[in-house]
Structures are given as structure tokens and as C-alpha cells.
1. Show me 358-365, 81-88 ranked by packing, highest mean number of other Cβ atoms within 10 Å first.
2. Could you calculate the FRET efficiency of residue 104 with residue 65 from 1/(1 + (r/R0)^6), where r is the beta carbon distance between them and R0 is 25 Å, rounded to 0.05?
3. If you average 1/r across every pair of different Cα atoms in the range 67-146 and take the reciprocal, what Kirkwood value do you get, in Å?
4. If you rank 261, 282 by fewest surrounding Cβ atoms within 10 Å, what's the result?
5. What list do you get for 146, 183, 40 if you sort them by fewest beta carbons within 10 Å?
6. Which log10 I(q)/I(0) values does the range 119-251 give at q = 0.10, 0.14, 0.19, 0.22 Å⁻¹ under the Debye formula, counting every alpha carbon as one identical point scatterer?
7. Packing-wise, with mean Cβ within 10 Å as the measure, how do 241-248, 107-114 rank, highest first?
8. Once both labels are modelled 7 Å past Cα along the beta-carbon direction, what's the residue 115-residue 274 spacing in nm?
């Protein structure tokens, strides 16, 4: 992958005796190109910085930067830019050449679509936010497989903590203390909106779905724990972590996390040995029994009925995006090729336009092809284990309104899309690594 990196021009220091942080970051990018194999000090720096970012991103996802009027941007964008600067300053970052080329093609097609389309207006802030979020995918960290697995092992402390927070949400409710509400602490202008933070298990219930205190809503903590469960099953297989993550996932009562595990199930099979498959076969009836005991199966049955109910959460989240794409394809109008304009998808309660439906309708089919190739390459072209790219690709495309939600892209970069695995740790150490 060395030929895919682009070095930056010679940095210009604003102070000849003391280089600015921007110059240091630029010099670091050049260092990463000149020395693609990172030494142990830089590997440790990557692990510390990326682990810290994951914890902070999870804890601050409800915080936004107020931009005036109704405009805001999620704080994690600023967080990730700071992270990139810290990595670049130590020579741990590259600009990926092929991604840059695909990004420029994608943005050119998007601009052409808006230049020739027939819609009367479009949102410039929406297009700007799109350009910023997907520009973050251009920066990659070169590392070996062992360092990547060390990263994943550290990330498990974050997913495990989320599972424990979910369980604690139930305990505080059970003893009559209710559930902590972080929205009462964050100033209204700094609160990232459009998410249902407090939600009962079902209409009229006194029990509130756990959200792990810091997460945007139940579905987000459910998916976050699912990340950890999939990683643990495929790579580390520690009984304690599997138990905590499994219990935490079921305790969320969030269907999207469980759906993510199901969608990743076929890929996960290639990472399992016979002993683990046998253990899972034994554990499955116990998990089903536990799910029945806590009322999870009954809740899932009620949620499945929502698919046929117009206006319901499940219907609007999973079927409405498919329907809007079908309408565009069947119409074969000018808008099919060039879209209805950035920011022009209708907004309504319960609707979460997934990235495919939103980009297809707003930017049109021609720009959609460029976008899909770019995003697919970012997830699968970096050499990380396939299950990691698949897991993040599924949650990005199918489970969220992710196109302009920075957190989803930042998660994807932290777990999979932000790396280029350039070399294994070596024959002697490779044999000891999990698959």
C-alpha cells in the first residue's frame, strides 16, 4: 500500500525557531511516508490516542458545537480533527492517494448534479458538512496486524463499559432511583438534537429503555455493544467479556444491535473454531431462555409487527428508505439522475433515512455510483480483517441515518476504515495472533 500514500509539500513554519503545531503535523505526515513501518513508540502512541478518542467520542456524542440559528455540528468532528493532528505530529498518519482520487471524483459528480439539476434550492450547509465528514476518510494510519489487534483489545474496555452502564440503568430503575439523564446537564444549544434519548420499553410502561447514560439513544448503545461482542467472538474469546457483552446487549432491548450481530453472523463463522461453535450451540438455548425471562422476546415480537404499520418506527426506519429509492427508480425522471438537492429529504418523526436512500435521492444516481465506490473502498480496501469492515459497513448503511451523522463515520474510522495494514508482525509472532 506504500504507493497509495501521498506526501504533503514541505511545511512552512510561521516561526523559524519554533514550528507551529500545523507544521509539526505536516512534518509528521511526511515522516510516515518516509518510514512506513512504525517503531514501537509510535505504535503505543497510536493505541493511546485512538483508545482515548473512542472513550471520549462515546461519552460526548450528545454534545454539539453551536454554529448559529439551527446549525450545529457534532463535537466528535472536532475531536477527530484533534486526533488526526496528534497522530500526524508523531509521524503516524498518511493521506491515502487512491481515496483522495475517489473523493475528488465523488465531490465533482455531486457538484455537477447540483449544477444541472432542476430543483429550486439546496442546502449549502448540508453539502459542506458532507464534504467535511467524508474528507476525514482520507487520512489513514499505517500499522501492522498485531498493533491493530492490540487496538481492538483496548477498544473492548469501552464496549464493556457501555454494557455495564446499560446494566446499571436497570439497577437504578429497579431500586426507584430512575435513570440518569445527561440532557439536564448539557446546555440546550450544545445538545445534539433529533434523537429520542428517553424512551419507554413500550407505550405506558414505567420502565425506560437503557441508553448507557451517554449515548444518543438506545439503538446507539445497542450497536456499540454489538461491536464489542462481534470483536470478542472473532478475535479474543474471553468468557468474562463475552458474558458481560452478551448480557449488556440483551439488556438494551435495542433491536439494531442484535440485528447487526445477525447480519455479521455468516462472516463470523469463518473466525470460529469447532470448540467455540459447540460452546455457542450450548449457550444459545440459555440466551433464548434469558431473553424470554426478561421479556425481550415479547418486545421483539411487538417490534416486528411494526414493519407492516405505516408511520411506526420499524416501518419508517427500514422500509421507507427502500420505498423512496423504488419511487425514484420507477419514475426515471431527471431527478433520478441528478437528485432533489442536498438537504431536501423530508424530515419527520421516526424516519431515519439510511445513507443509501438519502444520497441516492438528494444527489442522484450518477453521483451515487461515485459515492458508493468511495465508501466501499474505505471500508474494505485497508487490509483490516474482513469482519471488521463488514460489521462497520452494515451498521453504516442499514441501521442508522448515517450520511450526515458524524459519529457513525468516526466510529467506522476508529474501528476499521482509518487504517492501512501494511505488514504482519513477523513469522514468529504471527503464529500467536488470533485469526
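1. Result, highest mean Cβ count within 10 Å first: 358-365, 81-88.
2. With R0 = 25 Å, the Cβ-Cβ based efficiency is 0.40.
3. Result for the range 67-146, one decimal place: 15.0 Å.
4. 282, 261
5. Result, fewest neighbours first: 40, 183, 146.
6. Per q value, in the given order, log10 I(q)/I(0) is -0.48, -0.83, -1.11, -1.23.
7. Going from most to least packed, we get 241-248, 107-114.
8. Calculated label separation equals 6.3 nm.
Read-outs: derived from the displayed coordinates by stated rules, not from any lab. Bear in mind the structure is a predicted one, so any value in this text is a computation, not a measurement. Don't worry about glycine lacking a Cβ; one is built from the backbone with ideal geometry, like all the others, and counts go over all protein chains shown.
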